[in-house]
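Student: Okay, handing you the structure first.
None of the figures in this text is laboratory data; all of them are computed from the coordinates on show. If you're wondering where the values come from, they're calculated on a predicted model, not measured in any experiment. In this analysis, Cβ positions are derived from the backbone assuming ideal geometry, glycine residues included, and neighbour counts consider all displayed protein chains.
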Amino acid sequence: MKKKNLAALLMAGALCFGLLAGCSNGNNPGGNSGGAVTIKVGGIGPITGDLAQYGTATEWGAEIAVEEINAKNGPVKLDYRFEDDTGVADTAVSAYNSLKDWAKDAPLVIYGCTTTAPCVAVASETFADRYFQLTPSASSPDVTANKDNAFQMCFTDPGQGVAAAEYLKNAGLGTKIGVIYNNGDAYSTGIANAFIAKAKEVGLEVVATQTYPDDKTTDYTVQLNACKDAGADLVFLPIYYTPASLILAQAKQMSYAPIFFGGDGMDGMLDMEGFDKSLAEGLLLMTPFNASGTDERTKSFVEKYQEAHGILPNQFAADGYDCMYAIYEACCKIDGIADMDSQKLCDALIAMFTGGDFSVDGLTGTSMKWLESGEISKAPVVVKVEGGVYVTQ
Amino acid sequence: MEKRLNGKRLSKASRSGFINYGIVIAAFALIQILLVVQKLLGVTLVSNSLQSLLVPTCCYIVMAVSLNLTVGILGELSLGHAGFMSLGAFSGIVASFLLADVIPFAPLRLALSMIVGAAFGAVGGVIVGVPVLRLQGDYLAIVTLAFGQIIKNIIMVLYVGVDEKGFHIAASSERFNLAEDGTAIIKGPMGAVGVTKLASFTAGFVLILITLVVVQNLVNSRSGRAIMALRDNRIAAESVGINTTKYKLMAFVTSAALAGAAGALFGLNYSSTVASKFDFNASILVLVFVVLGGLGSIRGSIIAAALLYVLPELLRQFGDIADYRMLVYAIVLILVMLATNNDQLKALVGRIIPKRKGAASHG
């Protein structure tokens, strides 16, 4: 028995060291190579834990852009590294500090975080340390509030809520509107509150407001019944696609068929394993990226992404891709970038992003610009699911 | 006769206690010296990432030592320790915000916020403890688990803010009628955002010392012996007239208050804190520190918390291993568990350090 214990101990130890030995140190080129200036880009996002799907999408999307950029042999090269924050604020701050250790004295730009709460924590650190930060998907206005160095690639939550209400008003959809949202989630609550306020302003009638506490909820019949009883003919769902897919299925079971309208968190539902696509027929959603888009750049991105990872990219990946190009194109336009440290680069990038004549074309929009506040200005796109694919409205 | 016996017993226990103070003070001094040398010579001795871990590590050490008081000394399983941390964190953040104009001196404001955090933790401890400590074993574990979830869910819908009309508190955003120019401190699921960071490594160090003073003196006092008697045999303890509820509550509330103070320090170390951070997993994490450090061993808790909190972050430095760091972390946990329960290994350590034999049970 004792021998067995010792053997178990040795086995576990060997396993541990095997893992350590199997992974050699990453090879970081760094420095100036062949006349090009190398900028270090440190990404932060959850690649383990509950939110890993979003973090890995932003990691992989950016990776493809970095490969393309470095293959160009342009004046600027990007040295990219991604750190895990598990979706938690304090881990994100540690991840940020380990990126600082990684960059040492080389110019560093922070790309991330993927989710809001870690991003707010990291942004206040980068603000104090003067690093430029661009987040692909942290959408709360708190991320950029009072920080001149933090910029967003996605819409803000209230911005999306307002855009949704305006779209419904202009399209003349929904006379009676129900809202179901996750009141334990910053993203969902942010959109829902702004939507309800704006709906009141433009004269849309919100007849039912229903909440649920977290995305692990599996039964939504109570919320759906409340909407049905109130006579809602359109239900707004500013939530992520996992709970939304259940809502669609349960609505069908109780033969309640209003128009469902979602935010960008809904993107990805069609690629869910085992999801019956017919449930999503007629679903409207606001997403900046359409993976079945036909333009050259989208096609090539989708192809590369699928080849590398075997799944379709969603808007998180596309936002990540665009972030890299935004950083790259801004860096190319800065004079004397070769002699800049992170702090000078931060100021130069802020000046570039808020200068007014800087704009980026990407997968999630064309001629995207940034406001002084750090928010992005691009046109919201509403798509409808028809025959299992997105059709731009 | 009794006095002499007492004196002898105490000297042994307090020697062990003094070693704990020594370890903490030495670690603090070492890091401070390294930081000073680093500044003078311009070389990297303590990396940025390690520096950013100092304060949270202090918080988790306090969490582990205080939980050890409940689990190791009192012998009751608590699965809601993060709930007290959460109470402390959010009350501390609100307190520091409200005191910002009154007390501009940051260390004093931090101290007061931590006291507020401790007070809220203690109140939480009393609320849970009074009805629940009449239960035993698994029942207490389940109720504390529920308590942690309740706290998390309450803070998730809690809106707190200040405007010129005064202090606002509401349980939903519709009822939260803050004036335009008011400031929201806690915003429901968004948590507390825009917190002024006050925490410092020195504050964390002082908090650990205070925790050690409180816990070690409690354990070595008359009350502490009563608490341990309850753990070892409740019926026998009751039969000699020990008040079960009183002593259980004493240990439980002390533990909760210290967790509250640690939470306040933790909350004031980051500019944003969300309630979902302090979930069931956070409670289990602290319990893991306590169990792996050794139930009832204060020194074990300190060392386990420090090492295991820093470990996943240190693994980032191993290049590609970063992809597997959570896996390695899990394996290390299993390894520690097997190692500390292995008789052969214990015998081996005993042979190398013969003195350990006697001291082993007094961590």
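Student: Please get the size of the charge dipole for chain A, origin at its Cα centre, with Cβ charges of +1 on Lys and Arg and -1 on Asp and Glu, quoted in debye to the nearest 20.
Tutor: In total the dipole reaches around 600 debye.
Student: Shifting gears a bit: Measure nothing but the geometry: give the 0 to 90° angle between the long axis through the Cα atoms of B:244-267 and the longest principal axis through the Cα atoms of chain B, rounded to 10°.
Tutor: 50 degrees
Student: I've got another one for you. What is the total of Lys pairs in the range A:158-287 with C-alpha atoms under 18 Å apart, excluding same-chain pairs fewer than 8 positions apart?
Tutor: 7
Student: Turning to a different aspect of this structure: Run through the range B:151-236 and list the chymotrypsin sites (Phe, Trp or Tyr not before Pro) located in a DSSP loop whose Cβ has at most 12 other Cβ atoms within 10 Å.
Tutor: Filter output for the range B:151-236: empty list.
Student: Please say if the range A:158-287 is rounded, prolate or oblate, where rounded means a/c under 1.5 for a ≥ b ≥ c the square roots of the C-alpha gyration tensor eigenvalues, and otherwise the choice is prolate for a/b larger than b/c and oblate otherwise?
Tutor: rounded
Student: Please compute, for peptide B:153-159, the average count of beta-carbon atoms on other protein chains lying within 10 Å of each residue's beta-carbon.
Tutor: Across the residues of B:153-159, the mean count of other-chain Cβ atoms within 10 Å is 2.
Student: In a GNM of chain A with a 10 Å cut-off on Cα contacts, which of A:Gly87, A:Gly231, A:Gly310 has the highest mean-square fluctuation?
Tutor: It is A:Gly310.
Student: Quick one: Cα convex hull volume of chain B, Å³ per residue? All intermediate terms of the calculation are to be shown ahead of the outcome.
Tutor: Numbers: hull volume 67.1 nm³, N = 363.
Spread over its residues, the Cα hull of chain B gives 185 Å³ apiece.
Student: Which net charge results when you count Lys and Arg as +1 and Asp and Glu as -1 among the other residues whose beta-carbon is under 12 Å from that of A:Ala164?
Tutor: Here the charged neighbours net out to -1.
Student: How do the peptides B:236-245, B:22-31 rank, highest first, by the average count of neighbouring beta carbon atoms within 10 Å per residue? Mind dumping the intermediate values first?
Tutor: Numbers: B:236-245: 12.5, B:22-31: 14.3.
Packing proxy ranking, top to bottom: B:22-31, B:236-245.
Student: Same structure again: Enter the mean number of other protein chain beta carbons within 10 Å of the beta carbon of each residue in A:84-90, as an integer. Numbers along the way, then the final one.
Tutor: Numbers: counts 6, 0, 2, 2, 5, 7, 11.
So the per-residue partner count for this stretch is 5.
Student: Treating only the Cβ of Lys, Arg, Asp and Glu as charged (+1, +1, -1, -1), what charge dipole size does the protein assembly as shown show about its Cα centre? Round to the nearest 20 debye. Walk me through the numbers on the way to the answer.
Tutor: Numbers: 56 positive and 64 negative charges, 1003 e Å.
Computed charge dipole of the protein assembly as shown: roughly 4820 debye.
Student: I've got another one for you. Test of the criteria: in the range B:152-247, which trypsin sites (Lys or Arg not before Pro) are in a DSSP loop and have at most 13 other Cβ atoms within 10 angstrom of their Cβ?
Tutor: B:Lys165, B:Arg175
Student: What ranking do B:304-311, B:258-265, B:117-124, A:351-358 get when scored by the average of other Cβ atoms within 10 Å per residue, highest first?
Tutor: Values: B:304-311: 20.5, B:258-265: 33.0, B:117-124: 25.5, A:351-358: 14.6.
Highest-to-lowest ranking by the protection proxy: B:258-265, B:117-124, B:304-311, A:351-358.
Student: Over chain A, what is the relative contact order in whole percent, taking alpha-carbon pairs under 8 Å and six or more residues apart?
Tutor: 17 percent
Student: Hey, another quick one. So, in Å, what gap is there between the alpha-carbon centers of the range A:57-71 and the range A:169-189?
Tutor: So the separation of the two Cα centres works out to 34 Å.
Student: Continuing with the same structure: With loop defined by DSSP as not H, G, I, E or B, and exposure as at most 16 other Cβ atoms within 10 Å, which is the longest segment of chain A clear of exposed trypsin sites (Lys or Arg not before Pro)?
Tutor: Longest run free of exposed loop sites: A:217-393.
Student: Taking the mean number of other Cβ atoms within 10 Å as a proxy for protection, how do you rank B:49-55, B:104-110 from highest to lowest? Intermediate results must be reported in sequence, preceding the final value.
Tutor: Values: B:49-55: 21.1, B:104-110: 14.9.
Most protected by this proxy first, the peptides run B:49-55, B:104-110.
Student: Name the residue from A:Val383, A:Tyr96, A:Ser342 whose Cα lies farthest towards the positive end of the charge dipole of chain A, charges +1 on Cβ of Lys and Arg and -1 on Cβ of Asp and Glu.
Tutor: Result: A:Tyr96, furthest along the dipole toward the positive end.
Student: Considering only chain A, what is the antiparallel percent among its DSSP beta bridges, to the nearest 5?
Tutor: Approximately 25 percent, going by the DSSP bridge assignments.
Student: Of the candidates B:Val130, B:Val102, B:Val157, which one comes out as most mobile in a Gaussian network treatment of chain B with C-alpha springs shorter than 10 Å?
Tutor: Comparing B:Val130, B:Val102, B:Val157 in the GNM, the peak value goes to B:Val102.
Student: Additional query: Quick check for me: using +1 on Lys/Arg Cβ and -1 on Asp/Glu Cβ, what's the dipole size of the range A:158-287 about its Cα centre, in debye to the nearest 20? Please list the in-between numbers first.
Tutor: Values: 8 positive and 15 negative charges, 77 e Å.
The calculated dipole for the range A:158-287 is roughly 360 debye.
Student: Taking Cα atoms, how many degrees apart are the long axis of helix A:2-22 and the longest axis of chain A, rounded to 10 and kept between 0 and 90?
Tutor: Helix A:2-22 sits at roughly 80 degrees to that axis.
Student: While we're here: Within a 10 angstrom radius of each residue's Cβ in A:116-125, how many Cβ atoms of other chains show up on average? Whole number is fine.
Tutor: Partner-chain Cβ atoms within 10 Å, mean over residues of A:116-125: 6.
Student: Here's another thing I want to ask about it. Considering the dipole of the protein assembly as shown built from charges on the beta carbon (Lys and Arg +1, Asp and Glu -1) around the Cα centre, which of B:Tyr247, A:Ala52, B:Ala339 is farthest to its positive end?
Tutor: Farthest towards the positive end: B:Tyr247.
Student: Could you grab the relative contact order for the range A:158-287? Cα pairs under 8 Å, six or more apart, rounded to a whole percent.
Tutor: Across the range A:158-287, relative contact order equals 25 percent.
Student: In a GNM of chain B with a 10 Å cut-off on Cα contacts, which of B:Leu314, B:Leu41, B:Leu249 has the highest mean-square fluctuation?
Tutor: In this elastic network of chain B, the residue with the biggest mean-square fluctuation among B:Leu314, B:Leu41, B:Leu249 is B:Leu41.
Student: For the protein assembly as shown, what proportion of DSSP beta bridges, expressed in % and rounded to the nearest 5, is antiparallel?
Tutor: 40 percent
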